[in-house]
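Step one of this worksheet: look at the structure below.
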Amino acid sequence: MMDIQQIEMRNLRIEDYQQLKSSMIEAYEQMPEYYWRENHIKILLDKFPDGQICVLVNGKIAGSALSIIVDYNKFGDEHTYEQITGNYTFNTHDPNGDVLYGIEIFIHPDYRGLRLGRRLYEGRKQICENLNLRAIVAGGRIPNYSNYAHELSPKEYIQKVKLTEIHDPVLHFQLSNDFHVRKVLKNYLKGDKESMEFATLLAWNNIYYTQSEKLINNPKSVVRLGLVQWQMRTFNNLDSLYEQIEFFVDAVSDYKSDFILFPEFFNAPLMSIYNHLKESEAVRELAQYTEQLRDKFIEFAISYNVNIITGSMPYMIDEKLYNVGYLCRRNGTWEQYEKIHITPNELSYWGLSGGNKLKVFETDAGKIGVQICYDIEFPELSRIMSDQGVQLIFVPFLTDTQNGYTRVRRCAQARAIENECYVAIAGSVGNLPKVNNMDIQYAQSAVFTPSDFAFPTNGVKAEATPNTEMTLIVDVDLDLLKELHSHGAVTNLRNRRLDFYNLFLTDKESSR
């Protein structure tokens, strides 16, 4: 895997031009003269800065998407690239128009396979929705058509691409991003020999048309959560575990989830290799896989464009064994969280130590906290997080009995009410007969809400089927929390008697 430190999507700047030019030349190696000149980029940035976006990998331009707004009635479905761009003057851009017209999108060859193009398309869709435009329209190249032009018409070629009988890298990608072909354009882009100067007229309709105007990269209001109710099963090796993890990440990301949550000690099946050892020794052997798993999660977060809460895994720090997990952001950054409170069982069988790190994390979809299983049963932690502005608390858990599960569930519901936030819990089901101290698991993953008129009357947004492997996809509205804080029937956070009692962390808190 490429050494990726960070991925960022932002608006293009004129100082990016040299990198933009170099990347574009590499992307269009069959058309070496096809790249935007600096004066063109300057005009676009002057006319419509919010419509020009780029994606950076480790600070370098890896791809870009350029757009203008047009009054589509002036052009209709019969136009050429020169006409829609005003012969590259972009005087066709109309701030009062109704359609976002895509005039360029590309990814540098070295960064293909990371699904960066999908990020740019999602960025364009966000611009379209936020500026209240009715659609995105673009003329799409069909670069493999020249290989089939002697036997297929453009219409026949497009149909075979739709049926996956022929692969066209551009058209296939556009179709997979919810664009549909309205018609075939002739003589669209001069000099495009690969497409025989044909193009597809593509459109994506904005179903939120008439929504209020916002700017790109504003914080999201509706956040989609994906919870994995994980089936414990035997894995012969680490690659088999990777495959199962990727299956769930892929499935949840298909629904454009912002977060995916895995359970506590989801990797316990790997301990079967060490079942001949004492429990305390076997779990320390399991800890050797944690950093490799973290790196794989980072890779998946980037590739599938989803923030991953990795559940938890054992980890050795300074000769002590801790229960830790990772927030792997989709921009390539990551942070560690720790289990603070250790159960009597974890102490006696495994010799685990409690962590000293408690933090609220900033993400592109709100402020989140993570509390591993037993921690949610201690209200002080959630209250400290609430003081730091937490909106979502994720709870990866592992419980063997219904009694244990009930403790986690009821306490999670209480934390949601007390702290006016959402709490999502995800656990494992099934059994591991070849792993000592991991007899059987009981779980019913769920998302809990505060209890007020804007939320479900029972405080349960959604819940999985008990003891069944599945995913749970749930939308939560962060704006409802803001309204609750100020206008709720009761306002728990505002009505605390801070003149009478208070809560704070001691100096044992570690910045490790």
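The values are calculated or read from the model by the stated rules, or taken from the named source; none is laboratory data. Everything numeric here is computed off the predicted structure, so don't read it as measured data. Using ideal geometry, Cβ is built from the backbone for each residue, glycine included, and neighbour counts are taken over all protein chains shown.
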(request) For residues that are free of Cβ contacts under 8 Å to residues at least 60 places away in the same chain and in a loop (DSSP other than H, G, I, E, B), scanning just segment 466-481, find the one that is surrounded by the most Cβ atoms within 10 Å (Cβ to Cβ). (result) ASN467
(message) Just checking: which of the helices (runs of 4 or more DSSP H) contained wholly in segment 1-95 hold 1 or more residues that are of a type in the set (Phe, Trp, Tyr) and surrounded by 13 or more Cβ atoms within 10 Å (Cβ to Cβ)?
(response) 17-27, 81-84
(message) Is it the case, given these coordinates, that LEU293 is in a helix (DSSP H, G or I) and buried (at least 18 other Cβ atoms within 10 Å of the Cβ)?
(response) yes
(request) Kindly provide the set of residues from segment 373-389 that are among the hydrophobic types (A, V, I, L, M, F, W, C) and surrounded by fewer than 19 Cβ atoms within 10 Å (Cβ to Cβ), ordered by number. (result) PHE378
(message) When you check LEU286 against the structure, is it part of a helix (DSSP H, G or I), farther than 30 Å from GLY117 by Cβ and either touching a residue at least 12 places away in the same chain (Cβ under 8 Å) or aromatic (Phe, Trp, Tyr) (or both), yes or no?
(response) yes
(request) Answer with yes or no whether ILE317 is more than 23 Å from LYS434 (Cα to Cα) and touching a Leu at 6+ places or on another chain (Cβ under 6 Å). (result) no
(message) For segment 275-328, give me each residue that is touching a Gly at 6+ places or on another chain (Cβ under 6 Å), within 27 Å of LYS256 (Cα to Cα) and of a type in the set (S, T, N, Q).
(response) THR310, SER312
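Residues to consider are SER64, SER22; find the one that is more than 21 Å from LYS125 (Cβ to Cβ) and among the small types (Gly, Ala, Ser).
SER22
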(message) Among the numbered criteria (1) in a strand (DSSP E or B); (2) more than 21 Å from ILE41 (Cβ to Cβ), which one does ASP110 miss?
(response) (1)
(message) Name the single residue that is surrounded by the most Cβ atoms within 10 Å (Cβ to Cβ) among those in segment 258-283 being among the hydrophobic types (A, V, I, L, M, F, W, C) and part of a helix (DSSP H, G or I).
(response) VAL283
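A quick yes/no check of all residues on (1) charged (D, E, K, R); (2) modelled with pLDDT of 90 or more:
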| site | (1), (2) |
| --- | --- |
| GLY76 | no, no |
| HIS79 | no, no |
| ILE84 | no, yes |
| ASN87 | no, no |
| GLY97 | no, yes |
| GLU104 | yes, yes |
| LEU116 | no, yes |
| ARG119 | yes, yes |
| GLN126 | no, yes |
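A quick yes/no check of all residues on (1) farther than 19 Å from ALA426 by Cβ; (2) of a type in the set (D, E, K, R):
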site	(1), (2)
GLU279	yes, yes
PRO314	no, no
LYS320	yes, yes
ARG329	no, yes
SER348	yes, no
(request) Restrict the check to segment 202-210 and report whether at least one residue is within 18 Å of the chain's Cα centre (by Cα) and not assigned by TED's automatic domain parsing to the domain that holds VAL170. (result) no
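So that you can scan it fast, the table gives a plain yes or no per residue for (1) of a type outside the set (Gly, Ala, Ser); (2) more than 34 Å from the chain's Cα centre (by Cα):
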position	(1), (2)
GLY63	no, no
VAL99	yes, no
LEU116	yes, no
GLU129	yes, no
HIS150	yes, yes
PHE173	yes, no
(message) For segment 453-462, check the following and say yes or no: at least one residue is touching a residue at least 24 places away in the same chain (Cβ under 8 Å), surrounded by fewer than 20 Cβ atoms within 10 Å (Cβ to Cβ) and of a type in the set (Ser, Thr, Tyr).
(response) no
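Examine segment 178-193 for a residue that is closer than 30 Å to GLU463 by Cα and not assigned by TED's automatic domain parsing to the domain that holds GLU246, and state whether such a residue exists.
So far as segment 178-193 goes, yes, one or more of its residues are closer than 30 Å to GLU463 by Cα and not assigned by TED's automatic domain parsing to the domain that holds GLU246.
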(request) Would you list the strands (runs of 3 or more DSSP E) that sit entirely within segment 343-452 and hold 3 or more residues that are of a type outside the set (Ser, Thr, Tyr) and touching a Phe, Trp or Tyr at 6+ places or on another chain (Cβ under 8 Å)? (result) 366-370, 392-396, 422-426
(request) Using the structure shown, decide if ALA443 is assigned by TED's automatic domain parsing to the domain that holds GLN231 and over 30 Å from GLU285 (Cβ atoms). (result) no
(message) Among the residues in segment 151-170, are any out of contact with any His (no Cβ under 7 Å at 6 or more places or on another chain), under 24 Å from ILE53 (Cβ atoms) and of a type in the set (A, V, I, L, M, F, W, C)?
(response) yes
(request) Identify, from the list LEU505, LEU498, LEU484, LEU493, the residue that is in contact (Cβ under 8 Å) with a residue 40 or more places away in the chain, over 24 Å from PRO396 (Cβ atoms) and assigned to a loop (DSSP other than H, G, I, E, B). (result) LEU493
